[in-house]
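Remarks on the structure that follows.
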Amino acid sequence: MTKKVPPGYVIRDEKIAKGKNSEKGIVQIKAEGEKVSKGSQIFRYKNDNEEEINSKIDDLNNKIQEALLGQDNLFPDDIKAIENQIETKIDGLKSKNNIQEISEYKKDINTYILKKSKIAGDLSKAGSYINGLIKERDNYQNKLKQNSEYITAPISGVVSYRVDGLEETLTPNNFKDLNKNMLEELDLETGQIVTTSNEKGKVINNYECYIATILNSDEAKDAEIGKTATLRLSTQDEIEATVAYVSKQENKSVLIVFNIRDCVEKLIDYRKITFDVIWWKYEGLKVPKLAIYYENGLSYVVRNRAGYQDKILVEILKENDNYCIIGSYDNEELKDLGYTTEDIINMKKISIYDEIVINPEI
């Protein structure tokens, strides 16, 4: 049974990463969603002269390239191999649209160009000039590194720069503080993507997260810690979930926190989402309970086909106050119920387009 539920609030185990120079802006080292180990560098803050230094580095790169253009007579195997690597990276760059991936590709290309420059510089008549440009560029790059504040991952997990200020409010450590009023007062928009921060980042436990919601269904009221259900996300992914926390609320509603361990990374961009709860699944035909009647401990429905009514044995797979999910017994089950092989061969079965009689007079 699927239940449409109110929005869910995504709760994560996540740690903020922030330094002293947050007002200077971030230079990403690790991309959004990239996995990192504890202590690895994830971003740095911009240098005071970041734009000026980068402009000088770009200018030096252009000068190095111009100097290399006059060295076409140099074709050692090392240079050929590097040129092939550069071409491969340039071709790969055409299919990229992620800013961080593009940045990484450009960084690789510049590294290959640097290697080529050093080889060409050692072999050519203009070698001292090229090597001088390379040394000058290295000095500027070192200035960026030396004068920047680097921020490392506080825990292992997935990097994100989408920070909404709720990282220390919606955590797995304070389920008891959650209630309907508290969640509604957060005033979040359902499905809204969390804005990227230019001041800080965070690292998220990518193995599990939680979804808190307020429910009114009978199934929710009967839910206990450890009970399982299936959640259908807006992406149509269906994931197994376990009830991690239950708390009764006003007006007989229930706050339930589900623990999930699949599709965690698909929820990183969001804090408030829509989803469905599937408490149980059975494959069969849905009929009103009024269409079921009982005889000698067995369940039957009456089928009306072209004015002729037939009594048909059915198995009740699941039921609630108004409906039943029914199916047909298999041959072994029918034998266990005492039916002969001939009875089974002649037995009529219900199908999806049959007309069922409500309140059969049998």
Subject >> segment 192-199 - phi-based ³J(HN,Hα) in whole Hz, Karplus 6.51/-1.76/1.60, Gly and Pro as x >> reply: 6, 7, 5, 5, 6, 8, 10, 10
**OP:** Pull up all non-local amide H partners of Ala17: gap of 5 or more, or a different chain, and H-to-H distance under 5 Å with H placed in the peptide plane.
**Re:** Gly201, Lys202, Val203
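Any idea what the dipole of segment 285-356 comes to, in debye rounded to 20, about its Cα centre with Lys/Arg Cβ at +1 and Asp/Glu Cβ at -1?
Numbers: 9 positive and 13 negative charges, 64 e Å.
Computed about the Cα centre, the dipole is about 300 debye.
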Original post:
Once both labels are modelled 7 Å past Cα along the beta-carbon direction, what's the Ser40-Cys263 spacing in nm?
Top reply: 2.7
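Gain in length, Leu298 to Ala31, computed as 0.36 nm per residue apart minus the alpha-carbon separation, to one decimal in nm?
Details: separation 267, 0.36 × 267 = 96.12 nm, distance 6.16 nm.
Separation in residues times 0.36 nm, less the Cα-Cα distance, equals 90.0 nm.
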Original post:
How far apart, in nm, are the 7 Å Cα→Cβ label points at Glu319 and Met347?
Top reply: 1.9
Subject >> Fewest-first ranking of Phe258, Phe43, using other Cβ atoms within 10 Å as the exposure measure >> reply: Phe43, Phe258
Subject >> Karplus 3J(HN,Hα) series, Hz, for segment 214-227 with 6.51 cos²θ - 1.76 cosθ + 1.60 (x for Gly, Pro) >> reply: 10, 10, 10, 6, 4, 4, 5, 5, 8, 5, 10, 4, x, 5
Original post:
Karplus couplings for segment 134-144 from phi (6.51 cos²θ - 1.76 cosθ + 1.60, θ = phi - 60°), rounded to Hz, Gly and Pro as x?
Top reply: 4, 4, 5, 5, 4, 4, 5, 5, 5, 4, 4
**OP:** Please tell me which of these pairs span more than 29 angstrom C-alpha to C-alpha: Lys38/Lys281; Lys18/Lys248; Lys176/Lys266; Lys63/Lys143; Lys15/Lys272?
**Re:** Lys38/Lys281; Lys18/Lys248
**OP:** Would you mind counting up the charge near Leu188? Only other residues with Cβ under 12 Å from its Cβ, with Lys and Arg at +1 and Asp and Glu at -1.
**Re:** -3
Original post:
What percent does the relative contact order of segment 285-356 come to when contacts are Cα pairs within less than 8 Å and at least six residues apart?
Top reply: 33
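Taken together, the values in this text are just the output of simple stated rules run on the coordinates, not laboratory data. Please read these numbers as outputs of a predicted model, since none were measured by experiment. Glycine gets a Cβ as well: all are built from the backbone with ideal geometry, and neighbour counts include every protein chain shown.
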